[in-house]
1. If you scan the stretch 222-264, which residues turn out to be among the β-branched types (Val, Ile, Thr) and either open to solvent by less than 10 Å² (accessible area, probe 1.4 Å) or touching a strand residue (DSSP E or B) at 6+ places or on another chain (Cβ under 9 Å) (or both)?
2. Can you tell me how many residues within the stretch 41-58 are modelled with pLDDT under 95 and open to solvent by less than 80 Å² (accessible area, probe 1.4 Å)?
3. Which condition number in (1) at pLDDT below 95; (2) under 21 Å from Ala188 (Cα atoms); (3) open to solvent by 30 Å² or more (accessible area, probe 1.4 Å) is the one that Arg173 fails?
4. For the stretch 5-27, does any single residue satisfy the condition of being open to solvent by 90 Å² or more (accessible area, probe 1.4 Å), under 25 Å from Ala87 (Cβ atoms) and either at pLDDT 95 or above or aliphatic (A, V, I, L, M) (or both)?
5. Ala87 passes all but one of (1) over 22 Å from the mean Cα position of the chain (by Cα); (2) open to solvent by less than 20 Å² (accessible area, probe 1.4 Å); which number fails?
6. With the requirement that a residue be within 14 Å of the chain's Cα centre (by Cα) and in a helix (DSSP H, G or I), what does the stretch 154-175 give you?
7. Considering the stretch 143-170 alone, what residues qualify as being over 23 Å from Thr194 (Cα atoms) and open to solvent by less than 40 Å² (accessible area, probe 1.4 Å)?
8. Search the stretch 93-127 for residues being under 15 Å from Thr75 (Cβ atoms) and hydroxyl-bearing (Ser, Thr, Tyr), and hand back the single one that is most open to solvent (accessible area, probe 1.4 Å).
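The values are calculated or read from the model by the stated rules, or taken from the named source; none is laboratory data. Source: prediction; values computed, not measured. All Cβ positions, glycine included, derive from the backbone under ideal geometry; neighbour counts span all protein chains shown. Please note that ligands, DNA and RNA were not included when accessible areas were found on the heavy atoms of the full protein model with its side chains. Shrake-Rupley method; radii C 1.70, N 1.55, O 1.52, S 1.80 Å.
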Amino acid sequence: AEALARRGQLEQALQQLEQAMQLDTKSALPPLLEGRILAARGQYPAAEQALTAALARMPPAQPLLDRVGALVALTEARLAQGKVAAAAQSQTSLAAVAPGAPITQLLAGRIDLARGNLSGGISQLEKVLARAPDLLAARLYLGAAELSQGNLQQAQQQLEQVVQASPDNVAARKLLASVRLRLGEPEAALSALTPALESQPADPGVLSLIGAASRGTGDSRSAVEALESQLKTHSKDEAAALNLAQLQAATGDLVAAKSTLSAALATHPDALPLRLALAKVELAHGDV
């Protein structure tokens, strides 16, 4: 299961874990790995259940790293579901076994933010970064908190460091673009967002921000040039075609969006995301 999970074959890994748990009803390791996999897939309620079971199975002699890992993952799964009180309970248990770990303080800061205590959360995250400046998750949450408080320059400083260290971090790019738009810098916002379109279908938040930035620059074409260039050299790139069409539709060019999707469907006739996008364009045209 661990080998399959490392290769990204999560469904097969879960099948192996199911067999392992049928054969061994006492070990904490199978439900621990199951919880982590489910959390990675965004199945947070099931992940919470598996991680709770893993903790219940752990004897006092269980290695500390296993217990810490389970408590961290459980707290994060509960935060993802908005269960702030439950997350605080598991974070308190984490603090009892790993009081000096940066992740313990990071989760305390996240809980403060979830409770609306921005100043407390910012203070906690700043303390984390003072001890562990390379902890990008803390810097990302600090940037988001500074943005919520309207501290735009401080937010931009934190988020630029995250993007520089982790260029594929789409969440950081979205937040950085939001900061730059509020600072009246639409061109800089576009430069932060464009790389997020290159390798995979972008989420609606990215496309919405690109549309806002394009309107700010007064030049909607600048937002699609990178994708058009990508399609010229990689005509079968389904993700680029989908992103380009959605961006064309977001900026009001429905004819171009339909043309892009029709061309992509000629190459990928069974691609459901392309068909769904084309259906939305037809609806926008009023052609039910």
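1. Matches in the stretch 222-264: Val224 only.
2. 1
3. So the condition that Arg173 fails would be (3).
4. No, the stretch 5-27 contains no residue that is open to solvent by 90 Å² or more (accessible area, probe 1.4 Å), under 25 Å from Ala87 (Cβ atoms) and either at pLDDT 95 or above or aliphatic (A, V, I, L, M) (or both).
5. It is condition (1) that Ala87 fails.
6. Val162, Val163, Val170, Ala171, Ala172, Arg173, Lys174, Leu175
7. Hits for the stretch 143-170 are Ala145, Glu146, Gly150.
8. Checked the stretch 93-127; the qualifying residue most open to solvent (accessible area, probe 1.4 Å) is Ser93.
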